[in-house]
1. If I filter segment 1-60 down to residues being at pLDDT 95 or above and of a type in the set (A, V, I, L, M), which single residue comes out as farthest from Met94 (Cα to Cα)?
2. For segment 228-242, name all the residues that are surrounded by fewer than 22 Cβ atoms within 10 Å (Cβ to Cβ), at negative phi and either of a type outside the set (Gly, Ala, Ser) or in contact with a Leu (Cβ under 8 Å, 6 or more places away or on another chain) (or both).
3. What number goes with the only condition from (1) buried (at least 16 other Cβ atoms within 10 Å of the Cβ); (2) of a type outside the set (A, V, I, L, M, F, W, C); (3) not in a loop (DSSP other than H, G, I, E, B) that Gly378 does not pass?
4. Can you run down the residue pairs with Cβ atoms below 7 Å, 6 or more apart or on separate chains, where the first is in segment 211-223 and under 20 Å from His236 (Cα atoms) and the partner is small (Gly, Ala, Ser) and part of a loop (DSSP other than H, G, I, E, B)?
5. Assess whether Asp186 counts as being buried (at least 20 other Cβ atoms within 10 Å of the Cβ), under 17 Å from Val80 (Cβ atoms), acidic (Asp, Glu) and in the same structural domain as Glu105 (by TED's automatic domain parsing).
6. Do we have any residue at all in segment 370-382 that's in the same structural domain as Lys72 (by TED's automatic domain parsing) and free of Cβ contacts under 8 Å to residues at least 40 places away in the same chain?
7. Kindly establish whether Gly95 is in a loop (DSSP other than H, G, I, E, B), without any contact (Cβ under 8 Å) to a residue 40 or more places away in the chain and in contact with a helix residue (DSSP H, G or I) (Cβ under 9 Å, 6 or more places away or on another chain).
8. One residue is enough: does segment 348-364 have a residue meeting the conditions within 27 Å of the chain's Cα centre (by Cα), surrounded by fewer than 17 Cβ atoms within 10 Å (Cβ to Cβ), touching a residue at least 12 places away in the same chain (Cβ under 8 Å) and within 30 Å of Ala71 (Cβ to Cβ)?
Amino acid sequence: MIKSLFFLFFFTSLLIDGFSQSTASLKISADSRHITHENGKPFFWLGDTAWELFHRTDKKEADLYLENRAAKGFTVIQAVVLAELEGLTVANTMGEKPLHDNDPEQPNEAYFKHVDYIINKANKLGMFVGLLPTWGDKFNQAWGVGPEIFTPENAYAYGRYLGKRYKGKAVIWILGGDRNPADEDDLAIIRKMAAGIREAVGSRQLITMHPQGGSNSAEWFHEDDWLDFNMFQSGHGKLNNPNYQVTEKLYHMTPTKPVLDGEPLYEDHPINWNPEEGWFDEFESRRAGYWSMLAGACGHTYGNHNIWQLWLPERTPISAARTPWTQSLNYPGAFQAGFMKAFFESFEWQKLMPRQGIIENAPKDPGKEMVAALASDGSLLLAYSPYGANFQLNLREIKAQQITISWFNPRNGEFIDVGTIEKTNIMDFDPPSDEKRGNDWVLVVKGG
């Protein structure tokens with residue numbers, strides 16, 4: 001029997017009604033593994049990188065983008081106030097720059113009214129805004145246009161200003177902005193900005209840090225009280241990048257904090273920034289999501305190379321962007337990201353723990369590696385096979401003798417029910433169809 005999860009996320013009541021008092025703010029779960037709403041309901045982070053949203057869209061374009069993402073099930077829109085692409089020197093589509101005299105203590109009210117509009121619209125649609133106060137070239141111009149404008153003192157004032165302005169909104173704060181701190185001044189700037197935000201918002205809103213590719217927030221800030229959860233960027237350089245390894249490494253750190261990949265490879269991005277090496281497609285995009293989720297992540301961020309920069313033919317493309325963002329909205333990877341969220345939310349996914357040791361006789365080739373997770377009560381096991389290769393599982397930790405088996409297809413959101421069978425400790429599994437790239441499946445084993 002085949003059944004679909006598509007209806008589970010398409011135009012849900014949350015997207016229609018926006019946030020209630022119990023869902024508008026978030027907190028860390030009691031076990032420090034996940035994010036929850038105030039009412040205790042698990043929050044699944046399904047992010048999208050729209051870094052230039054405040055800078056490169058007018059109201060009509062912002063509405064188009066946000067309504068599209070809400071309909072697909074996204075829960076977090078990641079966008080930057082002081083944008084990367086000449087965000088200080090080139091006015092936004094409304095003709096406004098964010099700061100007077102490039103001074104963080106002199107915000108331009110007209111610019112921030114447009115930011116207000118977009119945040120309010122996202123919140124009305126039931127989505128949080130992952131709000132980056134600035135792209136990192138404004139404090140560490142290792143590359144990019146900058147200029148560097150932050151000191152620890154004005155970073156604190158700017159953070160407090162933003163915090164006061166958006167403390168009543170459904171916002172998650174993301175510091176850093178694709179830059180690692182290069183010295184003590186950079187560390188102080190990030191920490192002071194966090195302190196300014198925290199003074200304004202208290203504990204009502206969460207804060208994390210977005211580093212540059214190949215890095216993670218725990219490298220500098222894991223023990224900082226303001227860092228509520230860890231974020232890493234697996235990035236766009238390596239084909240078959242095993243991002244699940246970073247997820248699981250951070251999952252096991254102490255003190256325990258939730259973790260997610262906040263910028264994996266982008267769909268339609270040239271591999272290693274070189275079009276001659278090919279382009280990342282929807283398979284690589286969704287594989288990064290399932291790899292990370294079954295390694296212990298509290299959610300995942302999808303990205304499209306044309307959308308983060310809001311590319312249109314009249315704009316200079318960054319890193320060979322080639323498809324207008326309005327067309328890229330409906331690339332297959334975005335739909336499949338919504339399937340992934342609906343899939344996990346059909347279970348008590350917050351109980352899952354990474355259990356790679358239960359996998360036996362599975363492919364070890366780069367890109368074909370399997371990941372698996374087991375519910376803490378032994379009632380559910382999920383195993384992801386990127387190429388649909390045969391494998392074995394050790395099922396000793398599933399207590400029930402009768403188990404129900406099904407296969408989930410990440411490409412179309414459908415289940416294939418296999419049925420209920422007698423469990424043996426070591427079992428062989430053969431995913432549907434032949435082994436090949438993109439024939440990925442999730443095995444679902446339910447016990448009890």
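The values are calculated or read from the model by the stated rules, or taken from the named source; none is laboratory data. The structure presented is a predicted model; accordingly, all values stated were derived computationally and were not measured. Every residue, glycine among them, receives a Cβ derived from its backbone with ideal geometry; neighbour counts consider all protein chains shown.
1. Within segment 1-60, the match that is farthest from Met94 (Cα to Cα) is Ala30.
2. If the condition is that a residue be surrounded by fewer than 22 Cβ atoms within 10 Å (Cβ to Cβ), at negative phi and either of a type outside the set (Gly, Ala, Ser) or in contact with a Leu (Cβ under 8 Å, 6 or more places away or on another chain) (or both), then Asp228, His236, Lys238, Leu239, Pro242 are the ones that fit.
3. (3)
4. Pro211/Ser217; Gly213/Gly235; Gly213/Gly237; Gly214/Gly235
5. When the stated conditions are applied, Asp186 does not pass them.
6. Looking only at segment 370-382, we keep the residues that are in the same structural domain as Lys72 (by TED's automatic domain parsing), and these are none.
Within segment 370-382 (the criterion being in the same structural domain as Lys72 (by TED's automatic domain parsing) and free of Cβ contacts under 8 Å to residues at least 40 places away in the same chain), the answer is no, since none of the residues qualifies.
7. In short, yes.
8. Looking for residues that are within 27 Å of the chain's Cα centre (by Cα), surrounded by fewer than 17 Cβ atoms within 10 Å (Cβ to Cβ), touching a residue at least 12 places away in the same chain (Cβ under 8 Å) and within 30 Å of Ala71 (Cβ to Cβ), one finds at least one in segment 348-364, hence yes.
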